[in-house]
Amino acid sequence: MYKKVHLRLTVLCAGITATLMIVMSLCYLYISETSLYRNQYNSFKNDINTIATNLEQQSVISMEWLSKMEAQGNYAFLVLDNDIPFLYNRLSQPSEASSDTVLQESLDFYRQSFRISEGSELPSSPYVSYHTEYRFLSPSVGKYYFGSVITIEKKSSLLQIVVISPLSLMEKQILQQRIRFLFIDLGSIFIFIVFSWIFTGILLKPIQESQQKQTSFIASASHELRTPLAVILSSAECFDNVGHDQQVSFLKTIRQEGKRMSRLIEDMLTLTESDNHRFSIHKKPVELDTLLLNTCEAFETLAKEKSLSLSLSLPDDALPSCDCDPDRIRQVISILLHNAISYTPEHGKIHVSLLYTGKASGKANFCFSVSDSGIGISDDDKKKIFDRFYRAEKSRSAKGHFGLGLSIAFEIVHAHHGSITVADSEEGGALFTVNLPAKS
């Protein structure tokens, strides 16, 4: 499923980005080509103005001048004196740019498009000069040209000069620019696809890990619930077929396993509230040393039953209040003490301490720790010790632990904007340290 989602997100992300890039490229090409065409056309008009000015100042048009103008501007000329071609046009070598056919097509286009209507009044001046520029498509060549017709009327004489300029150079520039943009867009699309694949993979990784954790959580919870449920069902089936003494024993077993299931369900609901951001934290000023003292006293009886030494170290100076939820912090302390008592062999030691640090720096913290001389935790297990249903020792399942206590402690401390860490104690066991911010 994740592979399909990964692929679809990659296509969507890369497709949207590529579409935007292509649209922007097309807009740029349109603006660039329009500007290039406009500049080329304006340059052609300026050249025609210069040519027309030179013609007006000359009494005789020489072949040398025509050849020079053609060479300078890549133009072709057709000179008509009263519609009779000059000798220059009959002697010039025909080519694509200067063929008589294209020049004649330009003249025909001009006469059809810019013909002076019959009966219109001509200027009364004995000397008239004007020129018109246009773009036309040559039917014989199949290409566009810039064309212009310069008309000089003097008395009864009519001199017309047809000028054409091929657009092949500009079209070549446009084609090269389009090819460059094509390769740039193709390369960018490939980069977008690779980037989108990596980026969407990074985005999906937390979701995939969350899904895997959820699946593992459900599987582990089902396994943990199956054992007490099986004991309850088997005890209930045997209840009617045994004597009174055994019935009492079965009822005791059913009650114990029911409580065990109740604790597991409560732990699961607590973690579910944390996942749904509905973890209830009611902070108020709390004397943390008193809270630690009362909690340790509640575990003294359990520690004596296992012949364990439970000690507490508190600062001599009076401490400020800690802004926290006392019930939740008591739950964290109880989890750490219960674990320490469970996994410390007889005649072992458990030590609880409290420190107030960071007063000089302005970032005051409460730091309390629980250390034991138990079996300890390996370095590999330290990385996973706060994961749900994780137990470093398989034998712990027989001692009433589900692997959720440290996960709950981690969520509670995290909700208080604190931290909880695990390390090796001096006695070879485990050392859990909790840091909580002091009251502002």
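Data table
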{"quantity": "For LYS252, net neighbour charge (Lys/Arg +1, Asp/Glu -1) across residues whose Cβ lies under 12 Å away", "calculated": "0"}
{"quantity": "Per-peptide average of other Cβ atoms within 10 Å, ordering 201-207, 419-425, 16-22 highest first", "calculated": "419-425, 16-22, 201-207"}
{"quantity": "Residue among THR344, LEU406, LEU302 farthest towards the positive dipole end of the stretch 284-437, charges placed on Cβ", "calculated": "LEU406"}
{"quantity": "Within the chain: Cβ-based charge dipole about Cα centre, in debye rounded to nearest 20 (Lys, Arg +1; Asp, Glu -1)", "calculated": "480"}
{"quantity": "Dipole-positive endmost among VAL434, SER157, TYR41 within the chain (Cβ charges, Cα centre)", "calculated": "VAL434"}
{"quantity": "Cross-link pairs LYS4/LYS384; LYS4/LYS205; LYS205/LYS384 - those with Cα-Cα distance over 21 Å", "calculated": "LYS4/LYS384"}
{"quantity": "Kirkwood hydrodynamic radius over Cα pairs of the stretch 129-246, then Stokes diffusion coefficient at 4 °C and 1.567 mPa s, in µm²/s", "calculated": "54"}
{"quantity": "Cβ charges +1 (Lys, Arg) and -1 (Asp, Glu), total dipole of the stretch 284-437, debye", "calculated": "460"}
{"quantity": "Degrees separating the helix 168-239 axis from the principal Cα axis of the chain, which is the longest one", "calculated": "20"}
{"quantity": "With Cα atoms, 0 to 90° folded angle of helix 405-415 axis to the chain main axis", "calculated": "50"}
{"quantity": "For the stretch 227-246 and the stretch 168-214, distance of Cα centres in Å", "calculated": "66"}
{"quantity": "Rounded tilt (10° steps) of 326-342 against the dominant C-alpha axis of the chain", "calculated": "60"}
{"quantity": "Helix-only mean residue ellipticity at 222 nm for the chain, each DSSP H run of n ≥ 4 adding -39500 (n - 2.57), per residue, nearest 500", "calculated": "-19000 deg cm²/dmol"}
{"quantity": "The stretch 135-274, dipole about Cα centre (Lys/Arg Cβ +1, Asp/Glu Cβ -1), debye to the nearest 20", "calculated": "1360"}
{"quantity": "Fraction in percent of alpha-carbon pairs per bin - 20 Å, the chain", "calculated": "17, 26, 14, 11, 15, 14, 3, 0"}
{"quantity": "Exposed-loop-free span, longest in the chain, where GluC sites (Glu not before Pro) count as exposed if DSSP calls them loop and at most 15 other C-beta atoms lie within 10 Å", "calculated": "122-286"}
{"quantity": "Local electrostatic count at SER373 - Lys and Arg +1, Asp and Glu -1, tallied over other residues with Cβ under 13 Å", "calculated": "-3"}
{"quantity": "Overall Cα dimensions of the stretch 284-437 - principal axes, largest extent first, Å", "calculated": "44, 30, 27"}
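Here, each number is a calculation from the coordinates, and none is a lab measurement. These numbers come from a predicted model, not from an experiment. Positions of Cβ are generated from backbone atoms using ideal geometry, with glycine treated the same way; all protein chains shown enter the neighbour counts.
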